[in-house]
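The values are calculated or read from the model by the stated rules, or taken from the named source; none is laboratory data. Since this is a predicted model, take the numbers as computed values, not measurements. A quick note on method: Cβ atoms are made from the backbone with ideal geometry, for glycine too, and the neighbour counts reach across all protein chains shown.
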Amino acid sequence: MQTSSFSQKEKDLIIVIPNLSQLFLRCLDGFDAIEYLKDQAFQNPSIFWLIGCNEWLWRYLNRVCDLSAYFGDPISLPFLGGFELKEWLDPVCESINFEFTQQNQQKAQKKFQNNHSSDTNQPRWASELEQKYFDSLANVASGIGQSAARLWLYSLHILQSDENGDDDVDESSQPTKLVTLKAKLPDLPDLTQDQRFLLYSLGLHERMGLSELSISLGDSISQVRNQIQVLLKADVVERNHNLLQVNPAHYSQLQQDLANNYFLVGDSK
């Protein structure tokens with residue numbers, strides 16, 4: 001999140017831009033809207049700007065367009081901890097039936113509640129297993145909400161009847177039972193430099209169509225489509241309504257890989 005400084009007497013107008021990534025295209029003629037915003041900030045110093053963008057985009061545009069001279073220094077949103085992720089994911093978690101382990105959950109939960117019932121200043125966890133799971137999830141996801149949501153989904157596991165010790169029970173008569181395994185990052189495949197440039201461009205814009213991505217990279221649609229197909233199969237890129245984006249589960253590993261190869265993405269947590 002990015003703000004510009006203002007005094008109490010200059011609260012004439014507030015302009016909110018939820019997502020700066022949709023106002024430019026990383027190509028030679030793709031910065032007209034950014035230059036327009038800079039001109040407006042220069043001509044109207046009383047305007048208070050509230051501009052949303054990700055860290056990769058801010059670092060890139062600040063290097064190319066010197067945004068900080070017009071809008072000040074960025075304010076980063078805090079990373080989410082385990083309990084914050086739990087509260088954020090609770091509406092989804094409550095809509096499905098799953099457990100944090102398949103055995104002895106009630107016993108562990110009762111012991112945990114007895115030990116913590118008098119501590120009113122601490123976050124309220126249903127069980128020690130729940131707390132350990134979400135604290136681990138926050139750590140693995142580097143506190144990034146989108147990554148955590150995807151890793152939580154990946155951690156869900158269908159409990160088979162033989163795993164539950166019910167070999168003689170008809171599986172068709174039993175309700176589906178989900179448990180969570182320990183959240184872990186998926187493997188990031190070895191990337192070529194061309195793939196890094198493609199993923200960096202996707203990361204800047206958050207989501208793009210194939211033709212816009214082709215313009216951004218300066219390559220033919222056929223070349224870009226071939227690269228995208230490989231990354232789609234590797235689950236590094238995903239497609240939603242013909243818009244392409246980086247799989248959130250790979251954010252932290254991809255950021256580290258790009259940083260190691262001198263891309264302007266900042267340091268991973």
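Of the helices (runs of 4 or more DSSP H) lying entirely inside the stretch 193-269, those carrying at least 1 residues that are at pLDDT below 95 are 193-205, 210-217, 251-260. Can you list residue pairs whose Cβ atoms sit under 9 Å apart, with the first residue in the stretch 203-232 being touching a residue at least 12 places away in the same chain (Cβ under 8 Å) and the second being of a type in the set (Lys, Arg) and in a helix (DSSP H, G or I)? Count only pairs 6 or more apart in sequence or on different chains. Every condition considered, the pairs that remain are LEU210/ARG225. Return the pair list, or none, for Cβ contacts closer than 7 Å from residues in the stretch 124-141 that are within 12 Å of GLU99 (Cα to Cα) and among the charged types (D, E, K, R) to residues that are modelled with pLDDT under 90 and buried (at least 18 other Cβ atoms within 10 Å of the Cβ), at least 6 apart or on different chains. That search, which allows pairs on different chains as well, returns GLU130/PHE100. Quick check on PHE6: is it at pLDDT below 95, surrounded by 14 or more Cβ atoms within 10 Å (Cβ to Cβ) and either under 25 Å from LEU243 (Cβ atoms) or not assigned by TED's automatic domain parsing to the domain that holds LEU153 (or both)? Yes: the conditions hold for PHE6.
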